[in-house]
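Asker: Mind having a look at this structure? Questions to follow.
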Amino acid sequence: MGSVNLEMPPMEYETRIGKQEVKLNAVKGQMGSKTRGVSLTWNDLWVTVSTRKSGRKAILQGLTGYARPSELLAVMGPSGCGKSTLLDALAGRLDFSTRQSGDILINGHKQKLSYGTCAYLTQDETLLATLTVKEAVYYSAQLQLPNSMKKSEKIQIAEQTIKEMGLQDAMNTRIGGWGTKGISGGEKRRLSICMEILTRPKLLFLDEPTSGLDSAASYYVMSGISRQKEGRTIIASIHQPSAEVFNLFHSLCLLSSGKIVYFGPASAAIQFFARNGFPCPHLQNPSDHFLKTVNKDFDEDIEQGLDGRKPNTEEVIDLLVNSFKLSKEYHEVQNQVAEICQQGGEILEKRSHANFTTQSLVLTRRSSVNMFRDLGYYWMRFATYVGIALGLGSIYYDLGSNYHSIEERGLMVAFVVSFMTFMTVGGFPSFVEDMKVFQRENLNGHYGCCTFVIGNTLSSIPYVLLISFVPGAIAYLLSGFQNGSGHFIYFALVLFTSMMIVESLMMNVAAIVPNFLMGIVIGAGIQGLQILSGGYFQLPSELPNPIWKYPLYYMSFHKYAYQGMFKNEFEGLKFTDDQFGNNRTMSGEDILRERWQVEMAYSKWVDLAILVGTLILYRLVFLLIIKTNEKVVHARKASTSVLSNRSSQIMAKSLPTSPLHGLTSFDDSPTNNG
């Protein structure tokens, strides 16, 4: 397959399969056009964070720089110097604990980084371990690329992107993760990049793409990134590149303690250090020399200056920072920033992706595949439930209709409703991984919250039906519960709905507490309270009124599951009271009223309807939580775009008088310049 042309005015993607040329027509303006790309500038950029001791601490201190199309800008520096903070500030991803000032301009304007115009790759690989490389990219293409493109066209673009990143030999290999072997760390990084460049974004942020990789893997990752630079502006933070990787950089931004030590051509950095008394030793990696010189964590290992004195690292950093401000490189940066701002450029427009229906179907299919292949999601629970159902059936085998069977039926109902649903927390770790993937893809604008909730709900229903109906049938038939298919179907539906409610509860916990250990503890605690107040382990009349009966008893879904199953099991049956030789007959209705204190004013179907309503409510609460989190992120992006008076005055000298447009990232919400 030949190359894909992404810059044709009528938006024709051309691929060649053998000798046959296939033209892929897309909607004009959806995925790039004949433009000169994106130039990004920042002037006098400050980022501060509040601290308990000193009030506010500066993370970035008056940074000025630029990034041009078809160039790779590397942001280097020791740990804690502000590399990731700089990328977050440029991409609008700072959190509310930080405060930003300064100008960040795109093609000389303050404008939005909407979907499809910008991509951000974080340090962590949040990928579905059960998918193959090809499946991961294909699903991502179907989610991101517009409906105006045919499915075959999306597949060809996905395949071409895989080839561009050198992953064609691993296309059918599963990604892998904990406990399962898959692709290498470097291939995972390249796969993450693949999924972000499907829309051909003009601006690409990479936060330490080589972290945790060896030198060979780092080179292959960075060389793949370097091949993507044509027409694209790439900014990558990188900790300590090898000499081969360093040679791939066009420009270098070297930071230390939030200050710029050097900004300019990467090839000229060696001369800058040499001019200031810190020449790079022969045959030493330049990046090693730079980082060792400006790293104040290890003062005793600082390189010795030309005058023979061993200076303090703080002195070295101050010397280099001040020297840079007086150097020709600094003046060149100022000139470049002013020139880019004067030239201006296009206003970036948001690109469309697949519509709501398509995204919901794709997410449902992808989630179903993941659930089927992930043994810990449902299959281990299914095997456990079958074993427990066999145990229940053998312990309570053929209960009969004597007085003793009344208590045994109640015990079995209580165990099914309480503990078989309780074990649904076993799928929590797998869902946490799903949430991590969702948060990354949602933050990058791939799809919205509603489609995720719909896809997850629809994909989980068949598996929850399986683990409720099959074990339920085993326990129901062996124990000799009330005959009739209608009674069994009701029993299985209550069990299914209760399991879905617990899953929804754990989804809400996962949306608030992403740590799976803490989430399991919190979710188990909530269920424990609901079980205690459900009306079985302590009858409703014996529950203390404050808290336990009002409101916990009426809020617990176990109340309605217990009462629905009790009505389903006892109504219409007759029991013999063979205690003390009475041999009197008792109706199931009397037992429900007197023994279990069931509310008989409404039928069992009302209890099931309340359970279904609780399920819907829990899912809506989950949607509300993640939607609120999404809005908070977007509000955070808007609130961090703050102009300082000083930077505005500086830029006013070099910029033509034109209105500035508010800067946000991956969002269309208005900027809050407060």
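The values are calculated or read from the model by the stated rules, or taken from the named source; none is laboratory data. The shown structure was predicted, so the numbers you read here are calculated from the model rather than taken from an experiment. Cβ placement follows ideal geometry from the backbone for every residue including glycine, while neighbour counts extend to all protein chains displayed. Only protein heavy atoms, including side chains, enter the accessible area calculation; ligands, DNA and RNA are left aside. Shrake-Rupley method; radii C 1.70, N 1.55, O 1.52, S 1.80 Å.
Asker: I'd like the carbon and sulfur percentage of the solvent accessible area for the stretch 208-295, probe radius 1.4 Å, heavy atoms only, ligands and nucleic acids excluded.
Answerer: For the stretch 208-295, the apolar C and S fraction of the accessible surface comes to 51 percent.
Asker: Have a look at Phe516, Ala492, Met420 and report the one farthest towards the positive end of the charge dipole of the stretch 356-629, computed about the Cα centre with Cβ charges (Lys/Arg +1, Asp/Glu -1).
Answerer: Phe516
Asker: Net charge around Tyr397, counting only other residues with Cβ within less than 14 Å of its Cβ (Lys, Arg = +1; Asp, Glu = -1)?
Answerer: -1
Asker: While we're here: Calculate the length of the line joining the C-alpha centroid of the stretch 537-614 to that of the stretch 151-221, in whole Å.
Answerer: So the separation of the two Cα centres works out to 57 Å.
Asker: So, for the stretch 356-629, what is the accessible surface per residue at a probe of 1.4 Å, expressed in square angstrom?
Answerer: 42
Asker: How high is the FRET efficiency between Arg275 and Asp398 when r is their beta carbon distance and R₀ equals 60 Å, given to the nearest 0.05?
Answerer: Approximately 0.05, to the nearest 0.05.
Asker: Between Ser152 and Met600, what is 0.36 nm times their sequence separation minus the Cα-Cα distance? Round to one decimal in nm.
Answerer: Between Ser152 and Met600, full extension yields an extra 155.4 nm.
Asker: When the chain is fully extended, how far beyond the present Cα-Cα distance does Met380 get from Asn322, taking 0.36 nm per residue of separation?
Answerer: 14.6 nm
Asker: Keeping all protein chains in position, work out how much accessible area Met507 exposes to a 1.4 Å probe, and write it in Å² to the nearest 10.
Answerer: Its accessible surface works out to 10 Å², give or take rounding.
Asker: Round to the nearest 10 and report in Å² the accessible area of Ile474, as given by a 1.4 Å probe over the protein chains' heavy atoms.
Answerer: 40
Asker: Placing +1 on the Cβ of each Lys and Arg and -1 on the Cβ of each Asp and Glu in the chain, which of Phe205, Tyr403, Ser327 has its Cα farthest towards the positive end of the resulting dipole?
Answerer: Ser327
Asker: Using helices alone, what [θ] at 222 nm do you get for the chain, with -39,500 (n - 2.57) per DSSP H run of 4 or more residues, divided over all residues and rounded to the nearest 500?
Answerer: -15500 deg cm²/dmol
Asker: Please report the antiparallel percentage of DSSP beta bridges with both residues in the chain, rounded to the nearest 5.
Answerer: Antiparallel: roughly 60 percent of the beta bridges in the chain.
Asker: Looking at the stretch 172-259, what % of the alpha carbon pairs are farther apart than 24 Å?
Answerer: Counting pairs separated by more than 24 Å, the tail of P(r) holds 23 percent.
Asker: Given the peptides 187-194, 343-350, arrange them by the average over their residues of other C-beta atoms within 10 Å, most packed first.
Answerer: Per-residue Cβ counts within 10 Å, averaged per peptide and sorted highest first, yield 187-194, 343-350.
Asker: Of Ser533, Thr51, Ser430, whose Cα points farthest to the positive end of the dipole of the chain (charges on the beta-carbon: +1 Lys, Arg; -1 Asp, Glu; origin at the Cα centre)?
Answerer: Working it through, the farthest residue towards the positive pole turns out to be Thr51.
Asker: Report the local net charge at Ser84: Lys and Arg +1, Asp and Glu -1, summed over other residues whose C-beta lies under 15 Å from its C-beta.
Answerer: It works out to a net charge of -3.
Asker: If you line up the long axis of helix 403-415 against the longest principal axis of the chain, both from Cα atoms, how many degrees apart are they, to the nearest 10?
Answerer: That works out to roughly 10 degrees.
Asker: At 1.4 Å probe size, with every protein chain present, just tell me what the per residue accessible area of the stretch 237-285 comes to in Å².
Answerer: For the stretch 237-285, the solvent-accessible area averages 38 Å² per residue.
Asker: Taking 0.36 nm per intervening residue step and subtracting the Cα-Cα distance, what contour gain separates Glu346 from Ala58 on full extension?
Answerer: 100.4 nm
Asker: At 1.4 Å probe size, with the rest of the protein present, what percent of the exposed accessible area of the stretch 356-629 is carbon and sulfur atoms?
Answerer: Whole-percent figure for carbon plus sulfur exposure: 69.
Asker: Where does each of Lys631, Lys296 land when they are ordered by accessible area, with a 1.4 Å probe and the largest first?
Answerer: Lys631, Lys296
Asker: Then there is this: Just need the relative contact order of the chain here, percent rounded to a whole number, with Cα pairs under 8 Å and 6+ apart.
Answerer: Relative contact order of the chain: 17 percent.
Asker: Go from 0 up to the bin containing the longest alpha carbon distance in the chain, width 10 Å each, and give me the % of pairs per bin.
Answerer: The calculated distribution, bin by bin, is 3, 13, 20, 19, 15, 12, 9, 5, 2, 1, 0.
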